[in-house]
């Protein structure tokens, strides 16, 4: 009699243990699947291209990669630019897009960055940035530029700087100061801040 009861208890224990094991395995499998199998595509396009892009602490680069569906905190930073922090929602049935740009403070965009801006955003600020760049570039069609009253010659110095910068050389052959030279640029409709400028005063032998 006791053996029969014990046998029933053992059988019941085995059944319960088996059911619990199946449940545990099913839950574990679901969690693993949710974490690793359900990935969605994310496209990242950020200017400047040198920016540090962190999504929940993990670094990303411009381009396409995979991310699990969910809500993320995005932090974007770069030297010389205003940092940004925003929320990104990635859905399983959609491509997640992270298209952002940072506003320059003391930093400058590269030529590649200016190429990206129209694809990232077409708001008023990016229009102003692109216009300012094109306006500055238009000066090079006028060079060399001379002001004989001040004794100034503005010339192209691109050969002496990196490809992302707009470089000018201002030579003073009379007594004009650098500030007078910069004012001449402003009066001509150009912002000196858009250029890398070297100033030299020529002296008579």
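The values are calculated or read from the model by the stated rules, or taken from the named source; none is laboratory data. Treat the numbers as computed from the prediction; the structure is a model and nothing was measured. Using ideal geometry, Cβ is built from the backbone for each residue, glycine included, and neighbour counts are taken over all protein chains shown.
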Subset of the range 164-193 (residues that are touching a strand residue (DSSP E or B) at 6+ places or on another chain (Cβ under 6 Å) and not in a strand (DSSP E or B)): 165, 176, 178, 181, 184
Selection status of residue 171, surrounded by 11 or more Cβ atoms within 10 Å (Cβ to Cβ), out of contact with any helix residue (DSSP H, G or I) (no Cβ under 7 Å at 6 or more places or on another chain) and at negative phi: yes
Residue under evaluation residue 133, criteria (1) under 36 Å from the mean Cα position of the chain (by Cα); (2) crowded, with 16+ Cβ neighbours inside 10 Å; (3) farther than 30 Å from residue 118 by Cα, criterion not met: (3)
Residue among 54, 85, 94, 41 that is assigned to a strand (DSSP E or B) and more than 25 Å from residue 129 (Cβ to Cβ): 41
All positions within the range 194-205 that are touching a strand residue (DSSP E or B) at 6+ places or on another chain (Cβ under 9 Å) and part of a loop (DSSP other than H, G, I, E, B): 195, 202
Residue, nearest to residue 114 (Cα to Cα), within the range 159-192, restricted to residues that are within 34 Å of the chain's Cα centre (by Cα) and modelled with pLDDT under 90: 164
Residue among 117, 142, 152 that is under 30 Å from residue 201 (Cβ atoms) and in contact with a strand residue (DSSP E or B) (Cβ under 7 Å, 6 or more places away or on another chain): 152
